[in-house]
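Participant: Got a structure for you, written out below as structure tokens; questions coming shortly.
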Amino acid sequence: MRRALPVALAIALLAAGGYAAWRTYRSANDAPAWRLAKVERGSLAQVVSASGTLQAVTTVLVGSQISGQIKDLLVDFNSPVKAGQLLARIDPETYELKVRQAQADLEAARTARLQRDSDVAAQRSQLLRARIAHEDARRDLERKESLLQKAFISAAERDKAQFTERGAAEAVRTAEAQVRSAEAQVANAAAIVKQREAALASTRNDLAKTAITAPVDGVVISRQVDAGQTVAASLNTPTLFTIAQDLARMQVAVSIDETDIGKIRPEQRATFTVDAFPGRNFEGRVDQIRKAAQTVQNVVTYTVIVATPNPDLRLVPGMTANVRIVSDSRDNALKVPNAALRWRPAGTAARTEAAAPSQGTGGPPGGGDAQARRQRLVDELKLDAAQTARVDEIFAEQRSRFAELRELPEADRRQRGERMRAEARQKINAILNADQQKRYAEIVAAETGRATTGTGRVHTIADGQPKEVTIRTGLSDGNATEVVSGPLAEGEEVIVGTQLPAAAAPRASAGPRLPF
């Protein structure tokens with residue numbers, strides 16, 4: 001018994017020491033460990049991402065202004081052509097017959113004009129004879145008047161000479177009218193000749209149009225006809241060929257959302273990729289910002305033209321390009337991760353839950369990113385009960401709308417999602433007072449990185465506890481944000497997250513990311 005007592009005491013001491021060590025180890029493991037990131041210097045670029053379609057700078061549609069059957073087809077897809085080169089020929093037989101008919105009509109009109117010219121000459125001869133006769137009658141009347149005064153002739157003879165002179169004068173006037181009529185017929189015949197000449201020129205023009213030629217130098221990228229096919233040019237000009245003028249220079253027509261169009265300016269640098277060449281980036285420049293808006297399913301977009309060289313002719317029209325336009329950039333900027341701007345100590349959310357234990361059934365799904373965002377709004381903006389209920393309604397509405405986007409293509413989903421986030425921000429901003437709106441703008445700037453300047457908060461570690469640091473933020477590329485001013489220095493560590501034990505780690509939310 002005396003020997004067993006020391007052994008029992010030793011065993012008890014070992015057990016107590018082991019239990020204390022286990023409790024210390026468990027407490028150390030249960031304590032959260034901060035995930036840290038360093039404040040660094042480097043380049044920042046704010047980009048606008050969108051999709052577009054490659055196309056030639058100048059694309060010419062070659063059509064036919066006349067109808068007929070394609071007799072000869074001289075080019076095919078991808079055929080290089082020169083300006084004026086013959087591409088195809090429509091059967092010219094019908095138009096040759098029309099030309100010969102118009103030539104015959106012109107010859108007949110010219111013959112008729114010669115006949116009218118002869119008629120004018122004859123009428124002028126008749127007028128000359130009438131004038132001679134009238135002159136003879138006038139002189140005879142003068143002689144008779146002189147003889148009557150000398151009483152050599154009777155008054156009857158004088159009267160007869162007078163009547164003859166009047167008849168001759170009237171014959172002159174009749175001949176003059178006939179000359180004018182003949183001259184008018186000559187003018188009409190001349191007009192008919194011009195009409196026939198115009199008709200002949202028109203038929204010759206139609207005959208020339210049976211030869212379809214290339215208007216510019218380029219490459220045939222599309223052909224819509226085959227030999228023997230009949231072309232019907234009635235109300236609309238049918239397109240026979242599509243010619244890309246110069247494939248060594250291409251352009252991308254990019255659809256930019258209205259929320260991003262204010263960031264785009266001419267000569268901005270752009271890069272893009274195409275599915276045909278994965279892993280290869282192509283360079284370009286913003287060439288044109290078209291002001292014509294396009295609205296599709298309540299989404300307003302603007303077309304931006306990005307010019308790009310294509311010396312090796314790898315890019316072809318119609319390819320889908322994923323474009324990134326650099327709207328702004330910084331060199332050697334002091335930057336922090338965006339996760340540091342979003343992170344808040346866990347106690348903040350706990351205090352919020354204690355202050356507002358009931359959030360209503362219309363809020364976003366709890367336990368996820370959306371729940372944390374909702375709680376941050378309530379806590380930092382100090383929302384009252386009515387504002388909180390309205391925010392819950394907005395989050396619920398957005399959650400259902402985001403669920404509808406899952407089946408859309410990535411580009412459309414991104415554009416519509418951004419539009420829905422902007423609408424949600426506007427609705428939330430409308431229910432806030434002036435002070436809340438100012439703070440809300442800072443939150444949005446820190447979360448989205450869309451504001452060029454704003455205020456943000458990060459946390460460093462001081463004495464083993466998070467310490468809040470207020471900074472002035474600038475440009476953001478979506479992953480990091482520029483530090484314009486503040487107490488942060490290069491190499492200093494900031495908190496970007498919390499590492500919890502596996503047993504205490506929260507389950508990831510499957511709900512969609514909801515905006516502020």
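Participant: Between Glu176 and Thr53, what FRET efficiency follows from the Cβ-Cβ distance if R0 is 51 Å, with the result rounded to 0.05?
Facilitator: Between Glu176 and Thr53 the formula returns 0.10.
Participant: Non-local amide H neighbours of Val57 (under 5 Å, H modeled in plane, Pro and chain starts lacking H): which ones?
Facilitator: Asp246, Gln251
Participant: Among the lysines, which have Cα under 20 Å from the Cα of Lys71 when same-chain residues fewer than 8 positions away are ignored?
Facilitator: Counting by Cα, and skipping residues close in sequence, Lys71 has these lysines nearby: Lys98, Lys209.
Participant: Once you place label points 7 Å from the Cα toward the Cβ at Thr470 and Arg249, how far apart are they in nm?
Facilitator: Going from the Thr470 label point to the Arg249 one covers 5.4 nm.
Participant: Something else about it: Taking the Cβ-Cβ separation of Thr239 and Thr94 as r and a Förster radius of 25 Å, what is the calculated FRET efficiency to the nearest 0.05?
Facilitator: For Thr239 and Thr94, the calculated efficiency is 0.65.
Participant: Measuring from label point to label point, each 7 Å out along Cα→Cβ, what is the Gln294 to Leu61 span in nm?
Facilitator: 1.6
Participant: Let me ask something additional. What does the extension gain come out to for Arg138 and Lys160, with contour length at 0.36 nm per residue minus their alpha carbon separation?
Facilitator: Full-extension gain reported as 6.7 nm.
Participant: Hey, what's the per residue convex hull volume over the C-alpha atoms of the range 32-172, in cubic angstrom?
Facilitator: 466
Participant: Here is a further query. Just need the relative contact order of the range 163-263 here, percent rounded to a whole number, with Cα pairs under 8 Å and 6+ apart.
Facilitator: 21
Participant: On to the next question. Compute the signed sum of charges (Lys and Arg +1, Asp and Glu -1) over the other residues within less than 13 Å, Cβ to Cβ, of Gln55. Intermediate results must be reported in sequence, preceding the final value.
Facilitator: On the way: positive: Arg249; negative: Asp246, Asp287.
The answer is -1.
Participant: Given a Förster distance of 30 Å, report the FRET efficiency between Glu40 and Glu267 from their Cβ-Cβ distance, rounded to the nearest 0.05.
Facilitator: 0.50
Participant: Additional query: For Gln437 and Ala462 in one chain, what is 0.36 nm times their gap in residues minus the Cα-Cα distance, to one decimal in nm?
Facilitator: Fully extending the segment from Gln437 to Ala462 adds 5.9 nm.
Participant: Could you sort the peptides 65-76, 374-385, 230-241, 249-260 by per-residue average Cβ neighbour count (10 Å cutoff), highest mean leading?
Facilitator: Result, highest mean Cβ count within 10 Å first: 249-260, 374-385, 65-76, 230-241.
Participant: Hey, rough spin-label estimate for Glu492 and Lys150, points 7 angstrom out along Cα→Cβ, what's it come to in nanometres?
Facilitator: 14.6
Participant: While we're on this one: For the peptides 263-270, 335-342, what is the packing order when you average, over each peptide's residues, the other Cβ atoms within 10 Å and list the highest mean first?
Facilitator: On the way: 263-270: 16.2, 335-342: 22.2.
Ranking, from highest mean packing down: 335-342, 263-270.
Participant: Rounded to a whole number of µm²/s, how large is the Stokes-Einstein D of the range 224-281 at 25 °C and 0.890 mPa s, given Rh as the Kirkwood radius over C-alpha pairs?
Facilitator: Answer, rounded: 148 µm²/s.
Where a number appears in this text, it was derived from the coordinates with a stated rule and is not lab data. These figures come from a predicted structure and were not determined experimentally. Note that each Cβ is placed from the backbone with ideal geometry, even for glycine, and that neighbours are counted across all protein chains shown.
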